[in-house]
Structure formats: C-alpha cells, structure tokens
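Q: I'd like to ask you about the structure that follows.
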Amino acid sequence: MKRIFVMIKPDGVQRKLVGEIIKRFENAYLKLEKIEMLTLNEKKIEELYSGLENRKYDIEINGKKQILDGKKVQSWLKYYISKGPIVAMVWSGENSVEIVRKTIGHKNPVLAKKGTIRGDFGKDDENKSSAENRACRNIVHASETEEDAEKEIKTIFG
C-alpha cells in the first residue's frame, strides 16, 4: 500500500470543506491512516517548504509570461499556511498518489476540471494571486511523488 500526504490548507478549513474532502478520498477507495488538525509552527513550515527556493515558476501575469523566483513563492506559501489551522492526513492505497492528484485537480483552481476538489470549490486564480504577490488559495495540498509523501509525513507527524 502506497502512502500520500494530504493537507487541507487554512482556506479549506475556514470554509468548512474538511468533511467533503475526506468523503471524496474515501469514495476513491483510499484508506485514511492518520489525521490531525493543527497550526504549524515556523520550524515545521520551514521544513515543509524547504527546497522551493531553488525552483523557478513559469506564470502569466496580465497576459505576459514571467518566471517567478522560488524564494518569493516559498515566502508566500509560508505566510499562507501560517494563517490558520490545517488538517494533515495520510492516505494509503494502490496508486494513492495518482488517485489523490487526480481527485484534487489542477493546482490553479480556474484550470481545474469540475468534479475535482479544486474545480468544485476553488475560487482563486494562480496568475491573479502571483500578480498580487501572494500564494494561490487552492484549498488542498497533496504530495507529488511517493518520495515527497514520505518526507512530508515525517515532517508533519514525526
């Protein structure tokens, strides 16, 4: 059984979407192994987003393609995640990473398909948020790979 880390971000918690998000993963035949609502301290946020400072992000702002520095994106995410409680979860099942990634939808809610978590509940736009110098409020985070999942599970749950 493969595991994946999923985090309902502060906007998802504030909007009372926790039960709906859990239901979607259960309906996808995944098993909830661990769940905890918590407010992350600065150290855990640093660990969770370590490595982003070395990335580059291609975005479009006002019709112009731009490259964002990873340090900037990292600082936005750290601020965003510190603004309220999150719900941290570990899910398991065959192909859990692929199933969860498909269930949550595109990282930019305006591009996410209906029927996905971000497509049904997302209200923000990644390009707009970047133009406003802030993280996109896209409700949920999920590990991109099994390796990322193990690192994120260890960071949050020890």
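The values are calculated or read from the model by the stated rules, or taken from the named source; none is laboratory data. Because the structure is predicted, anything quoted here is derived from the model rather than measured. Here Cβ is always computed from backbone atoms with ideal geometry, including for glycine, and neighbour counts include all displayed protein chains.
Q: Pairs only if they're at least six apart or on different chains, beta carbon under 8 angstrom, first in the stretch 85-112 and under 15 Å from Ile21 (Cα atoms) and acidic (Asp, Glu), second modelled with pLDDT under 95 and in a helix (DSSP H, G or I); list them, first residue then second.
A: The qualifying pairs do not exist here.
Q: Let me ask something else. Quick one: which of Asn133, Asn127 is surrounded by fewer than 17 Cβ atoms within 10 Å (Cβ to Cβ), of a type in the set (S, T, N, Q) and farther than 22 Å from Ala28 by Cα? Spell out how you get there, then give the answer.
A: Working: Asn127 fails: surrounded by fewer than 17 Cβ atoms within 10 Å (Cβ to Cβ).
Answer to the check: Asn133.
Q: Among the candidates Val18, Val73, which residue alone is crowded, with 19+ Cβ neighbours inside 10 Å and not hydroxyl-bearing (Ser, Thr, Tyr)? Reasoning before the result, please.
A: Details: Val18 fails: crowded, with 19+ Cβ neighbours inside 10 Å.
The conditions single out Val73.
Q: If you don't mind, another one. Being in a helix (DSSP H, G or I) and exposed (fewer than 15 other Cβ atoms within 10 Å of the Cβ) is the filter here, so list the residues in the stretch 87-98 that pass it. Reasoning before the result, please.
A: In the first step, residues of the stretch 87-98 are kept if they are in a helix (DSSP H, G or I); the result is 96-98.
Scanning the stretch 87-98 gives a single hit, Glu98.
Q: In addition: Looking at the structure I just gave you, is Thr103 among the β-branched types (Val, Ile, Thr), crowded, with 19+ Cβ neighbours inside 10 Å and under 19 Å from Glu26 (Cβ atoms)?
A: Working: among the β-branched types (Val, Ile, Thr): yes; crowded, with 19+ Cβ neighbours inside 10 Å: yes; under 19 Å from Glu26 (Cβ atoms): yes.
So Thr103 fits the description; yes.
Q: Here's another thing I want to ask about it. Residues to consider are Asn62, Asn27; find the one that is among the polar types (S, T, N, Q), surrounded by fewer than 14 Cβ atoms within 10 Å (Cβ to Cβ) and closer than 15 Å to Ile117 by Cα. Full working, then the answer.
A: On the way: Asn62 fails: closer than 15 Å to Ile117 by Cα.
Just a single option satisfies the conditions, and that option is Asn27.
Q: Basic (Lys, Arg) and part of a strand (DSSP E or B): does that describe Lys83? Write out each step before concluding.
A: Values: basic (Lys, Arg): yes; part of a strand (DSSP E or B): no.
Spelling it out, it is not the case that Lys83 is basic (Lys, Arg) and part of a strand (DSSP E or B).
Q: While we're on this one: Given the criterion out of contact with any strand residue (DSSP E or B) (no Cβ under 9 Å at 6 or more places or on another chain), surrounded by fewer than 16 Cβ atoms within 10 Å (Cβ to Cβ) and at pLDDT 95 or above, identify the matching residue among Gly84, Gly119. Even if it seems obvious, please write down each step before you answer.
A: Values: Gly119 fails: surrounded by fewer than 16 Cβ atoms within 10 Å (Cβ to Cβ).
The unique qualifying residue is Gly84.
Q: Then there is this: Looking only at the stretch 139-158, filter to residues that are outside any helix (DSSP H, G or I) and under 14 Å from the mean Cα position of the chain (by Cα); which one of those is farthest from Leu77 (Cα to Cα)? I'd like the intermediate steps shown before the answer.
A: Quick first cut of the stretch 139-158, residues outside any helix (DSSP H, G or I) only: 139-145, 158.
Checking the rest, the ones that are also under 14 Å from the mean Cα position of the chain (by Cα) come to 139-145.
Details: Ile139: 12, Val140: 12, His141: 11, Ala142: 14, Ser143: 15, Glu144: 16, Thr145: 19 Å.
Checking each candidate, the answer is Thr145.
Q: Another question, if that's okay. In the stretch 1-51, which residues are free of Cβ contacts under 8 Å to residues at least 24 places away in the same chain and part of a loop (DSSP other than H, G, I, E, B)?
A: Selection gives Lys16, Asn41, Ser50, Gly51.
Q: Tally up the residues in the stretch 52-79 that are of a type outside the set (S, T, N, Q) and outside any helix (DSSP H, G or I), please.
A: Quick first cut of the stretch 52-79, residues of a type outside the set (S, T, N, Q) only: 52-53, 55-61, 63-65, 67-73, 76-79.
This time we only want the ones that are outside any helix (DSSP H, G or I), so: 55-61, 63-65, 67-69.
Residues in the stretch 52-79 being of a type outside the set (S, T, N, Q) and outside any helix (DSSP H, G or I): 13 in total.
Q: Next up: Consider Asn54 against the criteria (1) modelled with pLDDT of 90 or more; (2) surrounded by fewer than 14 Cβ atoms within 10 Å (Cβ to Cβ): it satisfies all of them except one. Which criterion is unmet?
A: (1)
Q: Continuing with this model, one more query. Kindly list the number of the only condition in (1) among the charged types (D, E, K, R); (2) at pLDDT 95 or above; (3) under 23 Å from Gln74 (Cα atoms); (4) in a helix (DSSP H, G or I) that fails for Lys102.
A: The one condition Lys102 does not meet is (3).
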